[in-house]
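Every number here is computed from the coordinates shown, using simple stated rules; none is lab data. Keep in mind that this is a model prediction, so the values were computed, not measured. Because the Cβ atoms are built from the backbone with ideal geometry, glycine has one as well, and the counts that use them run over all protein chains shown.
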Amino acid sequence: MIAPAKSTAWYKAHYEKISLIVVWTALLISALWLLWKINHAGRALESPQWETIAIEHPEYQAQDLEQFELYRTKLASPPAWTNEQPFAVSDVRVLSVNPDVPTPVPYEAEVCPWTGYPQPTDKNFDSTGDGIPDWWYVQYGLDPFDIELASKDVDGDGFTVREEFEYETSPVDAEDHPPHVIKLRIERVRQQPFALRFQGISELAEDDIRYALNMRTQNRTFFARMGDEIEGYTLVRYEPDSRVGPQGNRVDTSRLVLERDDREIILVVNQEFSGQDFRAELVLLTDDSRYRVSVGDDLVVRNENYKVIDINRNRVLIRNENSGETIRIHPRSQEERMPTDDSIFDTF
C-alpha cells in the first residue's frame, strides 16, 4: 500500500517535466519524418520515371490549296492602279460582298480584283430604305448606313439631304442648292372684304364708255374702259340687267365681270361683293424672311420672280414667271413653327 502511494506522489511532483519530455519527443519524431519525406521527394525529382503515353494521331487528310494559291498569286502581283482622279484623292470604294475577305474594291467593279468574287450589279441598292440609293451618298462621301442622314442639313445651306437629292444638287456644297421657294411656308391667312365695288357707267362719248370702280381701302374711284386692269383685275364683260323693285320701280342689277388668272369676279352695280378676298403672310424658312401677298401680286424670293395666282385657307398658289411652273405653298408645320406663333388663320 505504501509503494503505490509513493509512485503517485512522484508522478504528481514531476508531471510538468514528464509532459514536456513527451511533447519534445513528438516534435522530434515529426521533424525526422518530414526530413525523410523531403529527401524522398527530391530523389524522385532527380530521376523521374515518366510513364510513356501513346498518342494516336488522326489520319492526315490532304487540304485543297487552290484558294490559298489564288490569294498568294494576287498578293504577289496586285492589279495596276488605274485611278483617273487627281493624285492623293481616293476613288469611291465599297467593301466586297465576299463574307470571308471583305476587301475595299472600286465602286464600279463587277468583280473584286483581289479575290475574284463577283460584286452586286444593282447600283440602286438602298441600305436604309430612305428612298436614296447608296451610290448617291457614297459619291459625296456620306455614310449610306446613317438612317437619320436624309433629314440633316450637311452643308448648312438650309436644305436637307433629301431635298438636295430630289433637286439633284450637292448636299456638301452650300452654293449648290434647290430653289429657295421650296422653303416658303404660309405663316397666316387673313380674310378680308373684296376691295373693289362697281358704282356704275359713264358714257363720255358714243364709243367711250367708262366703268366706275370704287377702291374701298383707299377711298378712290377708277374710271376704266373694258380691257383695262385695276388692282390686278381685268375688265372682261358688262352684262346690263334690271328687275322690278318692291314698289314696282325698275332696279338696276347690271353686272361687271372682272377676271384675274382665270378667276372671275362678278360685281353687281351698287352692291357689295358677296365673296371674300384673302391675304397671306408667307415666311421663308431658310432666313425667316416675311412676305405679305394678295392674289395678283408679284413675289420676288431671292431674285426669283413669281406671281400669286390664288389664296385660300390651306394653300397659296404661285407661278414662276420664267418657267411657268405652278407651285403650291403649304402652311407651316408644327415642327417648323415657333411655340409663340399665332394661328395660321385670322378673320377680321
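Results, tabulated for the structure shown:
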quantity	calculated
Surrounding net charge for residue 286, when Lys and Arg each add one and Asp and Glu each subtract one, Cβ distance under 9 Å	-1
Distance between the stretch 213-271 and the stretch 89-168 - C-alpha centres, whole angstrom	63 Å
Per residue convex hull volume, Cα atoms of the stretch 195-274, in Å³	109 Å³
Nearby aspartates and glutamates by direct alpha-carbon distance to residue 307 (threshold 16 angstrom, same-chain neighbours under 8 apart not counted)	229, 231, 259, 261, 262, 281, 297, 298, 321, 325
Under 13 Å, Cβ to Cβ, from residue 268 - net charge with Lys/Arg +1 and Asp/Glu -1	-1
Stretchable slack from residue 172 to residue 98, in nm (0.36 nm times residue separation minus alpha-carbon distance)	23.5 nm
Projected label distance in nm at residue 162 and residue 145, using a 7 Å step from Cα toward the beta-carbon	2.3 nm
Filtered chymotrypsin sites (Phe, Trp or Tyr not before Pro), the stretch 105-147: DSSP coil and at most 13 other beta carbons within 10 Å	125, 145
Cα extents of the stretch 147-228 along the three principal axes, largest first (Å)	72, 28, 17
